[in-house]
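Have a look at the structure below before the remarks.
The values are calculated or read from the model by the stated rules, or taken from the named source; none is laboratory data. This is a predicted model, so every value here is computed, not measured. For neighbour counting, all protein chains shown are included, and Cβ atoms are generated from backbone atoms with ideal geometry for every residue, glycine included. Just the protein is used for accessible areas: all its heavy atoms, side chains included, with ligands, DNA and RNA removed. Shrake-Rupley method; radii C 1.70, N 1.55, O 1.52, S 1.80 Å.
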Amino acid sequence: PCSDGDVCTIGDGCSEGTCAPGPPASCDDGNPCTADACDAVLGCTHVAQAGSCDDGNACTSGDHCSDGACVPAGAVDCDDGNPCITDTCEPAVGCIHTFNQAPCDDADLCTTGDHCHLGECISAQPLVCDDGNLCTDDACSPATGCTFTPNAAPCDDVNPCTTDDHCAGGWCAGGPADCDDGEPCTDDSCDPVTGCQHL
């Protein structure tokens, strides 16, 4: 063995009276953010260089070289916009999307108990829009919710002194009492509890 005076060769050996250089030394430091070279006097050199790289973390984005090291620009956005899926990230595999059972909004105002199921927002039951008023037509619009539209249906205002009871403006209204028995010898009147009286 001998030395040819060049530190960039290894395994130098004598051959036919001279020192023959061996194979070149490997200066690869395994860092993509350095330019690897060999100086015959100084040996291996590793100079920082710019460029893209991979920091080995699937949850980072914009990996790039800075001062000889691989650094990320930010985090990966794993949000898929679905409230029924829980979005997380594992450095080894990246984004993970898992079904959840969180409360949600199915954008239908005519349903109640909205909740997540297998990645979708579903409702538990329809909304009951009954206002208990016979003088309104009850309905539901998915965009606006319950509606109570006044009608003109016949009704009973629970007053025996009114006639032709019917709905108007969402309320039960009756006409004037008609207790005239055509007999001039009776005084006709009406009692709100018992009705017409002829005294």
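Figure the gain on full extension for Asp29 and Cys185 (residue separation times 0.36 nm, minus the Cα-Cα span) and round it to one decimal in nm.
Result for the pair: 43.6 nm of gain on full extension.
For a quick check: with amide H placed at 1.01 Å from N, whose amide H comes under 5 Å from Cys146's, ignoring anything fewer than 5 positions away on the same chain?
Counting only residues 5 or more places away or on other chains, the set is Ser141.
Express the accessible area of the stretch 1-123 per residue in Å², computed with a 1.4 Å probe while the remaining protein chains stay in the model.
Here the per-residue accessible area is 62 Å².
Residue by residue, what Karplus-based ³J(HN,Hα) values in Hz, rounded to whole numbers, does the stretch 146-155 have, using 6.51, -1.76 and 1.60 with θ = phi - 60° and x for Gly and Pro?
5, 10, 10, 9, x, 10, 10, 6, x, 7
Picking from Ala173, Thr147, Asn133, whose Cα lies most toward the positive end of the charge dipole for the chain (charges on Cβ: Lys, Arg +1; Asp, Glu -1)?
Positive-end residue among those listed: Thr147.
For labels at Ala139 and Ser3 in the simple 7 Å Cα→Cβ model, what's the distance in nm?
Simple spin-label model gives 9.9 nm for this pair.
Looking at Ala50, Ser26, Thr9, which one has the Cα that reaches farthest to the positive end of the dipole of the chain (charges on Cβ: Lys, Arg +1; Asp, Glu -1)?
The one lying farthest along the dipole's positive direction is Thr9.
Which residue fluctuates most in the GNM of the chain (Cα springs below 10 Å): Asp180, Asp130, Asp106?
Maximum among the listed residues: Asp180.
Scan [x] 153; [y] 164; [z] 192 for the value of volume of the Cα convex hull per residue in Å³ calculated from this model and give just the label.
[y]
Using alpha-carbon positions, what is the distance between the centroids of the stretch 1-61 and the stretch 159-179, in Å?
Rounded to whole Å, the Cα centres lie 105 Å apart.
How large, in percent, is the carbon and sulfur part of the accessible surface of the stretch 17-152 at a probe radius of 1.4 Å?
Working: 4740 of 8460 Å².
Answer for the stretch 17-152: carbon and sulfur cover 56 percent of the accessible area.
If I take every Cα pair under 8 Å that is 6 or more residues apart in the chain, average their sequence separation and divide by the length, what percent do I get for the relative contact order?
Rounded, it is 9 percent for the chain.
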